[in-house]
Amino acid sequence: MKVIVVKNYDELSELGASIIAKLIKEKPNCTLGLATGSSPVGTYQNLIKAYNNGEISFKDVHSYNLDEYCGIDRNHPQSYYYFMHDNLFNHVDIVEENTHVPYAAPGSDLDAEAKKYTEALNSVEIDLQLLGIGGNGHIGFNEPGTPFEQETFVVTLAEKTREDNKRFFNSIDEVPTHAMTMGIANIMNAKSILMLISGASKADTVVKLLKGEITTDFPASILHKHPNVTVIIDEAAYSKMN
Ligand code: GLP
């Protein structure tokens with residue numbers, strides 16, 4: 001695991017975007033695993049800038065998102081489908097059919113959709129998987145206790161996760177109780193992984209990630225077993241390491 005400590009969120013976002021832009025330049029038809037949450041927003045903004053400057057094109061890029069809330073429409077502003085369009089897809093030349101977000105809208109057959117997503121993932125190779133990390137060490141929505149062999153599935157969200165994410169909703173009651181997520185095994189299949197961690201609220205999480213043992217109680221710990229992981233951490237998130 002390669003750890004890079006940067007000053008702040010802006011630097012993290014510039015570096016994150018430059019790593020992804022470099023891959024797109026080297027391999028214009030690469031497959032990206034994408035993430036939501038506040039951690040990658042600045043990275044997406046810098047990628048949009050690079051696209052507008054003519055440095056990169058997404059026209060042959062394929063993407064697979066990590067996760068999606070269950071039971072909210074795709075046009076709900078808090079759906080991850082909406083998030084991806086709002087924060088990246090609508091601003092670059094990516095082809096809609098080449099983008100994939102797990103489908104978990106009301107009325108969908110969740111188990112069938114999860115199976116379909118795993119099959120789709122098994123038919124491609126993700127060149128770079130972007131990740132944030134939950135306060136409890138979750139990756140995607142793989143909560144503590146998820147087996148490392150898990151493939152795409154429907155998860156009951158931990159109360160800590162619903163609490164952390166309630167800031168995006170009007171009240172805790174509106175935060176979905178379930179989500180569909182790539183499993184840890186799907187994530188570990190990626191050729192390379194880029195994790196972004198920012199802010200003082202993640203300082204304890206960083207200590208557990210970097211100093212803790214590998215355990216399903218802290219899902220991100222499995223990344224120590226992956227051969228090509230880069231973690232970019234800003235000083236605030238790294239503040240309890242010294
Ligand atoms: C959500 C997402 C994760 C994300 C995490 C951290 O729960 N499912 O993929 O990494 O939150 O979010 P943030 O980057 O906003 O701290």
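The values are calculated or read from the model by the stated rules, or taken from the named source; none is laboratory data. Here the structure is a predicted model, which means the values were calculated and not measured. All Cβ positions, glycine included, derive from the backbone under ideal geometry; neighbour counts span all protein chains shown. Heavy atoms of the whole protein, side chains included, go into the accessibility calculation; ligands, DNA and RNA do not. Shrake-Rupley method; radii C 1.70, N 1.55, O 1.52, S 1.80 Å.
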How large is ³J(HN,Hα) for each residue in segment 159-173, as worked out from phi by the Karplus curve 6.51 cos²θ - 1.76 cosθ + 1.60 (θ = phi - 60°), to whole Hz, x for Gly and Pro?
-> 4, 4, 5, 5, 4, 4, 9, 5, 4, 8, 10, 5, 7, 4, 4
Which residues qualify? For residue 153, with a placed amide H closer than 5 Å and at least 5 residues away or on another chain, they are 181, 183
Listed by chain and number, the aspartates and glutamates with an alpha carbon less than 13 angstrom from that of residue 59, same-chain partners under 8 positions apart left out, are 93, 96, 97
Please name which of 199, 72, 122 has its Cα lying farthest along the dipole of the chain towards the positive end, using unit charges on Cβ (Lys, Arg +1; Asp, Glu -1) and the Cα centre as origin.
-> 199
Can you give me the relative contact order of segment 2-223 as a percent, contacts being Cα pairs under 8 Å and 6 or more apart?
-> 22 percent
Would you compute the Debye intensity of the chain from its alpha-carbon atoms alone, equal scatterers and no solvent, and pass along log10 I(q)/I(0) at q = 0.09, 0.10 Å⁻¹ to two decimals?
-> -0.34, -0.43
Using the Cα centre as the reference, give the magnitude of the dipole from point charges on the C-beta atoms of segment 171-242 (Lys, Arg: +1; Asp, Glu: -1; all else neutral), rounded to the nearest 20 debye.
-> 360 debye
Fluctuation leader among 133, 72, 172 - the chain, Gaussian network, Cα springs under 10 angstrom | 172
With every protein chain present, what is the per residue accessible area of the chain (1.4 Å probe, Å²)?
-> 44 Å²
With only Lys, Arg, Asp and Glu charged, each at its Cβ (+1 for the first two, -1 for the last two), find how big the charge dipole of segment 66-214 is about the Cα centre; round to the nearest 20 debye.
-> 540 debye
Roughly speaking, to the nearest percent, how much of segment 1-138's 1.4 Å accessible area is carbon and sulfur?
-> 48 percent
Under the Karplus relation with 6.51, -1.76 and 1.60 and θ = phi - 60°, whole-Hz ³J(HN,Hα) for segment 10-16, x at Gly and Pro, equal 4, 5, 4, 5, 5, 5, x
Violating pairs (Cα-Cα greater than 19 angstrom) within the set 7/225; 2/211; 7/240; 25/49 | 7/225
Positive-end residue of 179, 99, 50, charge dipole of the chain with Cβ unit charges = 50
Rounded to the nearest 500 deg cm²/dmol, what is the calculated helix-only ellipticity per residue at 222 nm for the chain, with -39500 (n - 2.57) per DSSP H run of length n ≥ 4?
-> -9000 deg cm²/dmol
Residue-ordered couplings for segment 180-194, obtained by feeding phi - 60° into the Karplus form 6.51 cos²θ - 1.76 cosθ + 1.60 and rounding to whole Hz (Gly and Pro as x), are 9, 9, 3, x, 4, 4, 4, 4, 5, 6, 5, 5, 9, 10, 10
Carbon/sulfur accessible area of segment 144-239, % of total, 1.4 Å probe, equals 47 percent
Quick one: which residues, 5 or more positions from residue 192 or on another chain, have an amide H under 5 Å from its amide H? H modelled 1.01 Å from N in the peptide plane, none for Pro or chain starts.
-> 128, 129
Reach of residue 160 by Cα under 16 Å, taken over aspartates and glutamates that are not fewer than 8 positions away in the same chain | 143, 173, 174, 204, 217
Gaussian network model of the chain, Cα within-10 Å springs - most flexible of 137, 54, 199 = 54
Between the residues 12, 35, 81, the Cα farthest towards the positive end of the dipole of segment 2-223, that dipole coming from +1 and -1 charges on the beta-carbon of Lys, Arg, Asp and Glu, is from 12
Under a point spin-label approximation (7 Å from Cα along Cα-to-Cβ), what is the residue 156-residue 90 distance to one decimal in nm?
-> 3.6 nm
Given backbone amide H placed at 1.01 Å from N, residues whose amide H is under 5 Å from that of residue 34, ignoring those fewer than 5 places away on the same chain, are 64, 65, 66, 130
